[in-house]
Amino acid sequence: MTEYLSSQSAVAASAAIFAYSVAKRKISYYQTDLPKLPKPSGGHWFYGHEQDAVNTDCGEWFRCNADELGLTYAMNAGFFNPDILVTLDPAALTHILSKNVYDYVKSPVIRPLIERLLGRGIVWAEGEEHRRQRSVLASVFTAEAVRSSDEEIRSATDKLTASLQSHVHHSLTSVNSTVRVNILEWTSKATLDIIGSIGFGYDFQCGETPEAQAIFSSWKKTVELGLGTPGLIAQMTLKTFPFITSLPVGAIQAQGEIKTLVKNLAMMIVNERKKSGIDFKNGKDLLSRLMILCGEEDMDQLLDHIATFVMVGHETTSETVNFALLELARNPDIQTQLRQELQSFQGTGPGGEPSFEEYQSKMPMLDAVIKETLRLYAPASHTERTALKDDVIPLRFPVTGPSGEKITSVKIKAGQSIAIPSIAVNRVHCIWGPDGNKFKPQRWLNAELPPAASLTQGWGGVFSFLEGPRMCIGFRLALYEIKVILSALIKRFEFRDTGVEIISQFSSTLQPRVVGQEHLGIQIPLDIKLLD
């Protein structure tokens, strides 16, 4: 009887604490400007609008509401959490990510998941720790540093094209002149090779080593567990009960598995470097800079950094190549134009290929295709921030609230959750026009761009690498890899659309799936033909 009463008391106490927490957040909510903001209709009583956002093509729910309501609005959060502030406004984004970047930290949902997936590296770090890490590592990602990696990037690309040529050649039949492949399984081999070679002096052998295969398999398992409603439930539960990161929940524990896998590899890489007798204090490569950053003692953080760059350094880059090939397959005329530019150009690089400098300034169609791909398919397609203190966020584009009031800034309280749908920022029709969702590289060639004042301060006016101190530190390396890999593939293969419908959803990064074939996991199937 005593145990029964004790259990009842525990349940009652938990319910009281939860009710108090909800009431406190409601009171705080009405001390902000969020109740004045426009809000989409509908929303599930339990999941709020978050389920609507997750179950549509990535970013489309956010874009549609921005075009209807304005670039800043409120949305219902799930699990009875307070409303989320959504903004695509360029002034608000600069305020949050550039001018006051360390007053807005990654949300309680995203930061614990980053720690489980990658550890406490530069993606996880905040405040002074992030500033210190970025300062030490910046020299590894300058234009000059990328130029010095040219040989490794071309070598990895040659291995990829040779392997894919062999596969297509041996898979051809007398009936079909094309071979269908899931292109995701190929491009990541080259990008993993590149970061392994230039970053850590490790050869993944075009994705064929046991370590590479384990990384691919574990990453696929991790992102697929985070897709759809199950992934949403895991995120909302984390937001409400952050301590569950230590519980045996599949979508959460899978992230810990991949970090453990990569950290074991990182330990082997570090031990090999130490055995070599090379003085890392004079080294300029990524591993040397990381060893300087962490010192002799902090081995755990060093391994976290290596895990971060191995995963982030290959996955997001290969994604951009994949989506570029998808759009070129869907738009064969544009693919032909790009191929003509590449084949007709006589470069001063190895074998008549473009040199590093020529890739930067002499390939306008290639530049346009890559910019347009990054605009439409930002790999980090969604991020969230939490305000550390009360603030007033300015808006460049005022919005009209339900009462008819014109709102030019948004007053918030500490703890406010802010959703930043990067992929929608780059597509919203009120900025990019009615063809904002269309793949149109010509907009970059014909200066059909929105006014600069309406764009963010990100690279090239797009938000794919974010902006400010949290802008992707390796964006120069990523862009050069994409140019070299995409050029080689387009010159050697013709890519054809398979006619399937592909939607993209966010799970760690942007993930493509075929409608009706969700059970097959992430994929972009393309038909490939060898060119003479």
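Explain nothing, just the number: relative contact order of the chain, from Cα pairs under 8 Å at least 6 residues apart, as a whole percent.
Details: 836 pairs, mean separation 132.8, N = 532.
Relative contact order comes out at 25 percent.
Are there GluC sites (Glu not before Pro) in the stretch 154-215 that DSSP marks as loop and that have at most 15 other Cβ atoms within 10 Å, and which are they?
Numbers: sites: Glu185, Glu208, Glu211; in loops: Glu208.
The qualifying sites are Glu208.
Kindly give the semi-axes, whole Å and largest first, of the ellipsoid equivalent to the chain, taking each as the square root of 5 times a Cα gyration tensor eigenvalue. Walk me through the numbers before you get to the answer.
Details: eigenvalues 300, 163, 110 Å².
Result for the chain: semi-axes of 39, 29, 23 Å.
Stokes-Einstein D for the stretch 385-522 at 4 °C, 1.567 mPa s, Kirkwood Rh over Cα pairs, in µm²/s?
Numbers: Rh = 18.8 Å.
Answer, rounded: 69 µm²/s.
Can you pull the accessible area of Met267 for me, 1.4 Å probe, Å² to the nearest 10?
Looks like 70 Å² after rounding.
Would you please name the trypsin sites (Lys or Arg not before Pro) within the stretch 412-444 that are DSSP coil residues with at most 15 other C-beta atoms within 10 Å of their C-beta? Walk me through the numbers on the way to the answer.
Numbers: sites: Lys413, Arg427, Lys438, Arg443; in loops: Lys413, Arg427, Lys438.
Those satisfying the criteria are Lys438.
With just the Cα atoms defining each centre, how far is the stretch 485-513 from the stretch 316-362? Give it in Å.
The stretch 485-513 and the stretch 316-362 have Cα centres spaced 15 Å from each other.
Using a 1.4 angstrom probe and counting only protein chains, how large is the accessible area of Ser135 in Å², to 10?
That residue has around 90 Å² of solvent-accessible surface.
For Lys411, Lys406, what's the largest-to-smallest order of accessible area, 1.4 Å probe?
Details: Lys411 90, Lys406 145 Å².
The ranking, largest first, comes out as Lys406, Lys411.
Viscosity 1.567 mPa s, temperature 4 °C: give me the Stokes-Einstein translational D for the stretch 46-188 in µm²/s, with Rh taken as the Kirkwood radius over C-alpha pairs. Before the final figure, lay out the partial values.
On the way: Rh = 20.3 Å.
Here the translational diffusion coefficient equals 64 µm²/s.
Identify the GluC sites (Glu not before Pro) of the stretch 440-532 meeting these criteria: DSSP loop state and at most 15 other C-beta atoms within 10 Å of the C-beta.
On the way: sites: Glu448, Glu467, Glu481, Glu494, Glu501, Glu518; in loops: Glu448, Glu467, Glu501.
Sparse-neighbourhood loop GluC sites (Glu not before Pro): Glu448, Glu501.
Calculate the length of the line joining the C-alpha centroid of the stretch 35-75 to that of the stretch 152-192, in whole Å.
Comparing the Cα centres of the stretch 35-75 and the stretch 152-192, I get a distance of 40 Å.
How much net charge surrounds Gln343 when only the other residues with a Cβ under 12 Å from the Cβ of Gln343 are counted, with Lys and Arg +1 and Asp and Glu -1?
For residues surrounding Gln343, the net value is 0.
Compare Cys430, Cys206 by solvent-accessible area with a 1.4 Å probe and give them largest first, with all protein chains kept in place. Intermediate values should be presented prior to the final figure.
Details: Cys430 75, Cys206 15 Å².
Ranked list, largest accessible area first: Cys430, Cys206.
With a 1.4 Å probe and all protein chains left in place, how much accessible area per residue does the chain have, in Å²?
Working: 22230 Å² over 532 residues.
Accessible area per residue, the chain: 42 Å².
Relative to the Cα centre, what is the charge dipole magnitude of the chain, using +1 at the beta carbon of each Lys and Arg, -1 at the beta carbon of each Asp and Glu, and rounding to the nearest 20 debye?
On the way: 53 positive and 59 negative charges, 186 e Å.
That gives the chain a dipole magnitude of about 900 debye.
If you count only protein heavy atoms and use a 1.4 Å probe, how large is the accessible surface of Leu172, to the nearest 10 Å²?
70
Treating each Cα of the stretch 400-472 as an identical point scatterer and ignoring solvent, apply the Debye formula and state log10 I(q)/I(0) at q = 0.21 Å⁻¹.
Normalising to I(0) and taking log10 leaves -1.09.
Using only Cα atoms, figure out Rg for the stretch 50-100 and give it as a multiple of 2.2 N^0.38 Å. Please report the intermediate quantities before stating the final value.
Details: Rg = 12.0 Å, N = 51, 2.2 N^0.38 = 9.8 Å.
Computed over Cα atoms of the stretch 50-100, the ratio equals 1.23.
Determine the calculated [θ] at 222 nm for the chain from helices alone, applying -39500 (n - 2.57) to every DSSP H run no shorter than 4 residues and normalising by the residue count; nearest 500 deg cm²/dmol. Walk me through the numbers before you get to the answer.
Numbers: 21 runs with 272 residues, N = 532.
Computed ellipticity for the chain at 222 nm equals -16000 deg cm²/dmol.
Can you pick out the pairs among Lys159/Lys529; Lys106/Lys274; Lys220/Lys529 whose Cα atoms lie more than 25 Å from each other?
Lys106/Lys274; Lys220/Lys529
Could you check how many percent of all C-alpha pairs in the stretch 81-134 are farther apart than 14 Å?
Details: 892 of 1431 pairs.
Beyond 14 Å sits 62 percent of the P(r) for the stretch 81-134.
Using the beta-carbon distance between Leu445 and Leu531 and R0 = 25 Å, what value does 1/(1 + (r/R0)^6) give for FRET efficiency, to the nearest 0.05?
On the way: r = 24 Å, r/R0 = 0.98.
The calculated FRET efficiency here is 0.55.
Which percent of the accessible area of the chain is formed by carbon and sulfur heavy atoms (probe 1.4 angstrom)?
Values: 12070 of 22230 Å².
Heavy-atom surface of the chain belonging to carbon and sulfur, 1.4 Å probe: 54 percent.
Compute the length gained on full extension between Ser355 and Glu257: take 0.36 nm times their separation in residues and subtract their Cα-Cα distance, giving the result in nm to one decimal. Walk me through the intermediate numbers first.
On the way: separation 98, 0.36 × 98 = 35.28 nm, distance 4.02 nm.
Gain on stretching Ser355 to Glu257: 31.3 nm.
The values are calculated or read from the model by the stated rules, or taken from the named source; none is laboratory data. Remember, predicted model here, so these are calculated numbers, not experimental data. Every residue, glycine as well, gets a Cβ built from its backbone with ideal geometry; the counts of neighbours run over all protein chains shown. All accessible areas refer to the heavy atoms of the entire protein, side chains included, with ligands and DNA or RNA removed. Shrake-Rupley method; radii C 1.70, N 1.55, O 1.52, S 1.80 Å.
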